[in-house]
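Q: Mind having a look at this structure? Questions to follow.
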Amino acid sequence: MTVATVGVHIVDILARPVEHIPEGQDTVLVDQIRLTAAGAAAGTAVDLVKLGNDVVTMGAVGDDELGDFLLAVLAKRGVDVSRLARRTGEQTAASILPIRPDGGRPSFHVPGANLGVTLADLDAETLRGARAVHLGGMDVTFGLGDPAFFGLLDELRAGGALVTLDLLSELPDLLGMARAFLPHVDYVLPNESQALLMTGAADVPAAARALLAEGPRGVLVTLGAEGSLVVTSAGETHVPALKTDVADTTGCGDAYCAGFITGLLHGQDVITAARWGTAAAARVASGLGSDAGLTDLPATLALL
Ligand SMILES: Nc1ncnc2c1ncn2[C@@H]1O[C@H](COP(=O)(O)OP(=O)(O)OP(=O)(O)O)[C@@H](O)[C@H]1O
Ligand SMILES: [Mg+2]
């Protein structure tokens, strides 16, 4: 089963535990530092491979060392990177994440090459061959908010492909623009603050209903440790998170998307697929980095 991930590619540099930034030039020893392939397309691509899917990813990175690293680690994890654009003279997107002892994750971020992605960077023929297309971070790759891309998504869906949408930022202007994707996707998976910022609604159920009214078949709002709210024309279902020893919640949303897509591709209904997403997210919460803790599909489903 082939899945194409399209959108945001980021190198995450994570350290844990970090309680404060040291004074002056002081050094604080930490337990662990990791570099990972992350972001709503790249991180989800890695998770999708771990869950047993064939995955090709599309978007853009720079020609810097971070780009070398991102391509190498994605390829090592089994993601097809042959369709990923490299931009001369641009910086690859990166985040520095000092992870708090409770798993909280403040960040410093450079959006870099993600900001310039356009339809010209995507391989339409490869997308036509995919069973599922996951759009990761369309608020940040805002150049893809293009009527010609919407036409392609409609064509893919008419041909039977599943199209899913995740967001990345907490920026109201960018999130507002990403609403233009809603009539052209099957499922949208924002987190709580993104759902509220996209709609201006007073609470999550109202936000989910407002997003559903714009055209997708379902809205899955992730609520961190509270789980997720799944809203379709059939009604609203709260899917609780699974109890886990939390090390770092970075990439939990990406893992949720990967588990959800995998469930649907295995013929599961929306609520069961949401549980698969919840299990994948719980795995990722247990380790440092957006792919940590996730190994394979059987071990993930064993949590359920
Ligand atoms: N502390 C936690 N314990 C257990 N599960 C968690 C925890 N935090 C998150 N999750 C799981 O991960 C899912 C997604 O989390 P969250 O809402 O934080 O996503 P997000 O903000 O999109 O994350 P990211 O974009 O960094 O991947 C939740 O629906 C839940 O199932
Ligand atoms: Mg997210």
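Q: Of the residues that make up the range 264-280, is at least one in contact (Cβ under 8 Å) with a residue 24 or more places away in the chain, more than 27 Å from Leu153 (Cβ to Cβ) and not in a loop (DSSP other than H, G, I, E, B)?
A: Scanning the range 264-280, I find at least one residue that is in contact (Cβ under 8 Å) with a residue 24 or more places away in the chain, more than 27 Å from Leu153 (Cβ to Cβ) and not in a loop (DSSP other than H, G, I, E, B), so the answer is yes.
Q: Which of (1) part of a strand (DSSP E or B); (2) surrounded by fewer than 24 Cβ atoms within 10 Å (Cβ to Cβ) does Val18 not meet, given it meets every other one?
A: (1)
Q: Still on this structure, I have one more. Kindly indicate the residue of the range 167-183 that is under 15 Å from Asn114 (Cβ atoms) and outside any helix (DSSP H, G or I) and also farthest from ligand 2 (Cβ to nearest atom) among those meeting that condition.
A: Leu171
Q: If you don't mind, another one. Here's a check for you: in the range 185-243, which residue that is assigned to a helix (DSSP H, G or I) and not hydrophobic (A, V, I, L, M, F, W, C) is nearest to ligand 1 (Cβ to nearest atom)?
A: Residues of the range 185-243 that are assigned to a helix (DSSP H, G or I), as a first pass: 192-199, 204-212, 224-226.
Remaining after also requiring not hydrophobic (A, V, I, L, M, F, W, C): 192-194, 199, 205, 209, 224, 226.
Details: Glu192: 6, Ser193: 8, Gln194: 8, Thr199: 16, Pro205: 15, Arg209: 19, Gly224: 4, Glu226: 8 Å.
The selected residue is Gly224.
Q: When you go through Ala241, Ala285, Ala247 one by one, which is the residue that is at pLDDT below 95 and within 16 Å of ligand 2 (Cβ to nearest atom)?
A: Ala285
Q: Here's another thing I want to ask about it. Restricting attention to strands (runs of 3 or more DSSP E) lying wholly within the range 23-128, give those where 3 or more residues are at pLDDT 95 or above and within 27 Å of Ala281 (Cα to Cα).
A: 32-38, 54-58, 94-98, 108-110
Q: Right, something else. Tell me the residue from Leu197, Leu211 that is within 16 Å of ligand 2 (Cβ to nearest atom) and touching a Pro at 6+ places or on another chain (Cβ under 6 Å), please.
A: Leu197
Q: Right, next: State whether the residues of the range 234-241 include one that is crowded, with 16+ Cβ neighbours inside 10 Å and hydroxyl-bearing (Ser, Thr, Tyr).
A: No - not one qualifying residue is present in the range 234-241.
Q: Exactly one condition in (1) of a type outside the set (Gly, Ala, Ser); (2) crowded, with 24+ Cβ neighbours inside 10 Å; (3) touching a Gly at 6+ places or on another chain (Cβ under 8 Å) is not met by Leu48; state its number.
A: Just one mismatch for Leu48, condition (3).
Q: Continuing with the same structure: Taking Ala247 as meeting all but one of (1) within 11 Å of ligand 1 (Cβ to nearest atom); (2) among the small types (Gly, Ala, Ser); (3) part of a helix (DSSP H, G or I), write down the number of the exception.
A: It fails just one condition, (3).
Q: So if I check each of Leu153, Leu144, Leu167, which one is of a type outside the set (Ser, Thr, Tyr), in contact (Cβ under 8 Å) with a residue 60 or more places away in the chain and more than 16 Å from ligand 1 (Cβ to nearest atom)?
A: On the way: Leu153 fails: in contact (Cβ under 8 Å) with a residue 60 or more places away in the chain; Leu167 fails: more than 16 Å from ligand 1 (Cβ to nearest atom).
Answer to the selection: Leu144.
Q: Just give me the residues in the range 89-143 being of a type in the set (S, T, N, Q) and closer than 27 Å to Leu153 by Cβ, in sequence order.
A: Taking the range 89-143 and keeping what is of a type in the set (S, T, N, Q), we get 91-92, 95, 107, 114, 118, 126, 141.
Selection gives Thr92, Asn114, Thr118, Thr126, Thr141.
Q: Ok, one more. Residues Ala285, Ala273, Ala280: which one is small (Gly, Ala, Ser), within 10 Å of ligand 1 (Cβ to nearest atom) and closer than 18 Å to His134 by Cβ? So that I can check it myself, show each step before the final result.
A: On the way: Ala285 fails: closer than 18 Å to His134 by Cβ; Ala273 fails: within 10 Å of ligand 1 (Cβ to nearest atom).
Of the residues listed, the single one that is small (Gly, Ala, Ser), within 10 Å of ligand 1 (Cβ to nearest atom) and closer than 18 Å to His134 by Cβ is Ala280.
The values are calculated or read from the model by the stated rules, or taken from the named source; none is laboratory data. All values reported here derive from a predicted model rather than from experimental measurement. Cβ: placed from backbone, ideal geometry, glycine included. Neighbour counts: every protein chain shown.
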